[in-house]
Ligand SMILES: CC(C)(COP(=O)(O)OP(=O)(O)OC[C@H]1O[C@@H](n2cnc3c(N)ncnc32)[C@H](O)[C@@H]1OP(=O)(O)O)[C@@H](O)C(=O)NCCC(=O)NCCS
């Protein structure tokens with residue numbers, strides 16, 4: 001049974017490659033190595049139980065404001081998909097969000113139906129605080145954001 005744990009600095013190159021593959025297919029936004037080192041403490045990773053150094057999945061919770069977090073960069077290696085393991089990563093992030101005292105989390109995604117499985121509901125992007133758009137300046141898609149915004153109350 002694969003394990004979910006907080007990411008370590010040594011995991012960053014594997015997280016980078018995992019996200020890069022899906023970014024190339026335009027399923028996720030790309031993240032630079034530098035950005036991932038900055039935000040490594042946001043990440044949970046999924047590892048096979050016989051090799052805790054191998055990363056086969058990742059998901060991040062980023063604290064944005066007093067009541068608000070963001071779920072980012074959810075991805076499973078292709079050969080680890082199909083067993084609902086994304087749920088394990090999502091639930092780790094949602095549990096941490098609750099433990100931190102956040103009241104809601106949002107996601108910007110191309111697969112809203114997947115997030116609706118976790119009680120996320122569609123929202124307008126302009127319902128999100130302006131502060132979150134600071135990161136968008138770094139995005140390759142800026143200013144033509146085509147992701148869909150969803151929110152989940154905690
Ligand atoms: C999204 C992802 C993490 C889900 O992986 P997973 O946990 O292996 O999901 P599974 O294939 O086991 O599917 C679990 C359930 O989610 C549903 N699901 C999976 N991918 C979905 C998608 N893209 N859209 C809607 N529903 C989806 C499945 O139909 C299944 O539902 P069921 O239990 O009712 O049959 C994985 O497909 C992935 O890494 N995708 C590429 C990266 C990506 O798009 N990330 C999202 C970025 S916001």
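Derivation of every value follows stated rules applied to the coordinates shown; laboratory data play no part. What you see is a predicted model; the values in this text were computed from it and never measured. We place every Cβ from the backbone using ideal geometry, glycine too, and count neighbours over all the protein chains shown.
At a glance:
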| item | result |
| --- | --- |
| Degrees separating the helix 12-24 axis from the principal Cα axis of the chain, which is the longest one | 60 degrees |
| Highest to lowest packing among 64-75, 84-95, scored as the average C-beta count within 10 Å | 64-75, 84-95 |
| Prolate/oblate/rounded call for the range 1-69, Cα gyration tensor, a/c under 1.5 rounded | oblate |
| Ordering of 136-143, 36-43 by burial proxy (mean other Cβ atoms within 10 Å per residue, highest first) | 36-43, 136-143 |
| Nearest 10 degrees, 0 to 90: helix 85-100 Cα axis against the chain principal axis | 60 degrees |
| Mean Cβ neighbour count within 10 Å, used as a protection proxy, ranking 24-33, 52-61 highest first | 52-61, 24-33 |
